[in-house]
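Everything on this sheet refers to the single structure shown next.
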Amino acid sequence: MSENVTFYAPDEQKELIERMADRQGMSLSKYCVVALDKQIARDVRSERVSETGLEEQLNDMEAAILDEVEAALSPSTEEEVLHGVALWNLIGGEYPGEKQAEALSEASDRLDTGLEKLQRQEADD
């Protein structure tokens, strides 16, 4: 047995609901019942996720995967040493001792500045 349910919607929302019902080839009542069924299903699913702690488990899994990806994409200590040696060889071959000393004294600050810029860019993305 069906029962009447009455609700009030602003004119714009009512017009939108009527258009959507028409596009689906449904009566206004049928469209509203289907929409409510979908919302109820989402609400029930959300409650079950909360009750089971599934969301927390998924968040933990996501964090673990992101850590693994970051570790895989980060150069190893051995690679960092090789990059440093290669850079030193390039600097040593092209610049006199005074320029090398200046470059080494500024290297740490420049690296920190570059890392800060990269972190800001990642945060903005």
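The values are calculated or read from the model by the stated rules, or taken from the named source; none is laboratory data. Because the structure is predicted, anything quoted here is derived from the model rather than measured. Using ideal geometry, Cβ is built from the backbone for each residue, glycine included, and neighbour counts are taken over all protein chains shown. Surface areas here come from the heavy atoms of the whole protein model, side chains and all, with no ligands, DNA or RNA. Shrake-Rupley method; radii C 1.70, N 1.55, O 1.52, S 1.80 Å.
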Output yes when any residue across the range 2-11 is part of a helix (DSSP H, G or I) and at pLDDT 85 or above, and no when none is.
-> yes
Answer yes or no: is there a residue in the range 17-32 that is loosely packed, with under 10 Cβ neighbours inside 10 Å, in a loop (DSSP other than H, G, I, E, B) and modelled with pLDDT under 75.
-> no
Within the range 88-109, residues in a helix (DSSP H, G or I), touching a helix residue (DSSP H, G or I) at 6+ places or on another chain (Cβ under 9 Å), open to solvent by 90 Å² or more (accessible area, probe 1.4 Å) and modelled with pLDDT under 70 come out as W88, L104
